[in-house]
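Before we start, here is the structure in question, set down as structure tokens.
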Amino acid sequence: MKRSVGGAHYGVIGWLAQRITGLLLAVYTLLLGVCLWRVPVLDHAAWRGLFEPVWMRHATFLFVFALCWHAWLGMRDVYMDYLHHTGVRLTAHTLTLLILMGCLLWAAGILWGRP
């Protein structure tokens, strides 16, 4: 008898997305470390200068986006494993999603907001 395994394979996609976002986080951390290592004095002017180039703002926003997605995937798995009541799980998912979206918008405001 031949068994057919079906499903949407959300576990594999989530696993792969978790690894890709983790890799993006690691690469940005190394990039930021190199950029900070090259700055002789780390004061407010140096921080502003570090995030002045558009590519650095985009890289930082990609980092924050990857961090939020990484956190979402991890918390989603925790909620699915440990919150068995549907209403509690839905509430936790919704609150987490709202908080992460707020963090993403806040980061965008910091990176591209008024000086």
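The values are calculated or read from the model by the stated rules, or taken from the named source; none is laboratory data. Predicted model, so just to flag it, every value in this text is computed and none were measured. For neighbour counting, all protein chains shown are included, and Cβ atoms are generated from backbone atoms with ideal geometry for every residue, glycine included.
Before we move on, is T21 touching a residue at least 12 places away in the same chain (Cβ under 8 Å), out of contact with any Leu (no Cβ under 9 Å at 6 or more places or on another chain) and assigned to a helix (DSSP H, G or I)?
No, not satisfied.
Please state which of the following conditions L105 fails to meet, knowing it meets all the rest: (1) farther than 24 Å from L16 by Cβ; (2) at pLDDT below 95.
Only one criterion is unmet by L105, namely (2).
Additional query: Can you report the number of residues in segment 31-65 which are at pLDDT below 95 and in contact with a Leu (Cβ under 8 Å, 6 or more places away or on another chain)?
6
Moving to a separate point now. Looking at L83, L67, L100, can you tell me which residue is of a type outside the set (S, T, N, Q), surrounded by 14 or more Cβ atoms within 10 Å (Cβ to Cβ) and over 22 Å from the mean Cα position of the chain (by Cα)?
The match here is L83.
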